[in-house]
1. Within segment B:132-162, find all residues whose amide N lies under 13 Å from a label point positioned 7 Å from the Cα of B:LEU72 along Cα-to-beta-carbon.
2. Taking the Cα atoms of segment A:95-184, what is the range of coordinates along each of the three principal axes, in descending order and whole Å?
3. Please give the helix B:168-184 orientation as an angle from the longest Cα principal axis of chain B, in degrees from 0 to 90, rounded to the nearest 10.
4. For peptide B:73-81, what's the mean number of Cβ atoms from other chains within 10 Å of each residue's Cβ?
5. What distance in nm separates the simple spin-label points at A:GLU53 and B:GLN135, each placed 7 Å from Cα in the Cβ direction?
6. How would you rank B:131-142, A:189-200, highest first, on the average number of other Cβ atoms within 10 Å across their residues?
7. State the Cα centre-to-centre distance between segment B:155-205 and segment B:20-75 in whole Å.
8. Summarise the long-distance tail of P(r) for segment B:239-349 by giving the % of C-alpha pairs beyond 19 Å.
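Nothing in this text is a laboratory measurement; each read-out follows from the coordinates by a stated rule. Fair warning: this is a prediction, and the values are worked out from it, not measured in the lab. Cβ: placed from backbone, ideal geometry, glycine included. Neighbour counts: every protein chain shown.
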Amino acid sequence: MSARPRGLTAGLLVGPATLLVMGALVAPLLLLARTSLNRYDRTQFMVEALTPENYARFLVDPFYTGVLWTTLWIALLTTALCLLFGFPIAYRLARSQSRWKSAGVLLVILPLFIGSTVRALGWMGVLGRGGLLDSAAAALSPGSSVALLYTPFAVVLGILSINLPYMVLTLQSVIEGIDARVEEAADSLGADGPRRFLHVVLPLALPGIATGAVLVFILAMNAYATPLLLGGARFQMMAPMLFREYAVNNNWPFAAAIAFILMITTLTLTAASSAFVQRRYKAA
Amino acid sequence: MSEPYLRIAGLTKRFGATTAVRGVDLDVRQGEMVVLLGPSGCGKTTTLRMVAGFIEASEGRILLEGRDYAGLPPHRREMGMVFQSYALFPHMTVAANVIFGLRMRRLPRAETEARLAETLEMVKLTAMADRYPRQLSGGQQQRVALARALAIRPKVLLLDEPLSNLDANLRQQVAREIRGLQRAAGLTALMVTHDQDEAMTMADRLVVMNEGTVQQVGTQEELYERPANPFVARFIGHSNLIAGTVAGDALALPGGGALRLAGHYAPGTATLAIRPERVRLAPPEAAEARATVLVEDATYVGAHVEYLLALPDGTRLILHDPTDGGGGRRHAAGDRAGIAWDLASERLFDSAGAPLALRTPIAA
């Protein structure tokens, strides 16, 4: 390193990443925004225009808003379940001093090696007609059947199984950052388990909970393969619907509008929850 | 004699194949400050954590006011703990930290407020009540940790290396503050430290531990003047330990030569323990001289001159010669000198580490 100015070095290091972000993220988004304002025509497909009609069509049609609501509640429910199931696992892993700890972490990471489509197919084998659960039920009490595939339950289960590792890993690193002595201090001062959790662990883990929740919420909002394969034909979520408008109906302007509505909803909720957590964290 | 306030009996902790604490017995009177002292890994912290209830004992009992505390979780023990890292609640103000234990006890609001004011006054932190721990200095955080433990009016105050995260120049002052508060409140306290000076300053009685076992229990004077074994002799005040064989009134050195002893002991293998400040220089030909030594090094360190001496067989011995303002070193490297000491300063241990008794000389 000779007498090169610091600013120049920093610029050279940040430059490629900045160009990549501009080229691969900002430009397509601008293009998408422009597309969403075009008009669709059955014969000509996309016609240059500047119209809000694609957004209006989505917002006044109860079918589309219904899909948005379904997506929202599935995402919120899976996020809540991820927290509920993920926290105890993350806490155990974070506080473990056993030599099996790294094996436990590996076990959490392992499912991430398998794509969501493959795992959805696996769930179909478990939940479907003639699948694992169905045949087990039939064997136990002949004549009965369990058909869980193509239900919201199957979708929630599928998304939960995909998102849980992200939540566990995020929470684990945050809980490891909380001094175990702080919990012992609370213990010696008279706080039993539930009160230690409420007054000490929970407030200190809150930033991590927010990060993990935002992460899995965004993943759930944008889930594609899981709702498509486990939800069945009548179950609609935003990402599969977007793809159908784009690829099957060739309605690029409307697909672009759906993409923006999905993105804005996700961003708004994420920003709102972060602001809430930050306020709470400062006040606490 | 009445039952002690806190009794630890046969306390043992095994982690797998290793035994961290082995049969610790200790009685603590009410209002007494007992300090567990020892090198790292000696089991002192494990012992304290068993008393606090964070670690379950493998064997033995902990009795407080005659009641067996086995199986009682920490939050039901009424023991105030001060941690080495302070372990303050980072998301709570000083005031919220201090009243945490009172909130857990659902104390009435008025009493909580009164105790908060009183406790903050005690540790001189009233002005800091609304600060967060991260806005305080190390010494202030330490006092919050102490206040938080004192606020619950604990049956026993437990201190785990409370001074080791403080600057050296703060330690003495904080040590005296803690001691003052403990005395004023008449609190029974159990403290752990690896620092001998800290232990000497703060304790009513000390417990020296090594390799999981108690080496000696006693006051500062007892440990210093009458160490129970070579380990205590070396750990408290850094004694010279010289191995040899007692024959007549001399200690024969393994490499040849001998030291004249002040007392008479049973013959056999023995270790002489003698403190650097209890050995004095004497002319080699003087009647009191117990050996002639070679001066290898002499360093002026202020309160005394530290001499590194070689005994006839080459064994090293350290001698502290107090300075009196008149002169510095009386000998330089290469000089020959005599050394002397009194009977009261001499302590011999047998090969098993037990003190050798003095034998009254047979009347001639």
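1. Under 13 Å, as judged by backbone N against the label point of B:LEU72, lie B:154-157 of segment B:132-162.
2. Extents along the principal axes: 57, 28, 24 Å.
3. For B:168-184 against chain B, the angle is about 60 degrees.
4. Working: counts 4, 9, 10, 3, 3, 3, 2, 3, 6.
Average per residue, whole number: 5.
5. A separation of 6.0 nm, rounded to one decimal place.
6. Going from most to least packed, we get A:189-200, B:131-142.
7. 17 Å
8. Details: 2501 of 6105 pairs.
Tail fraction, whole percent: 41.
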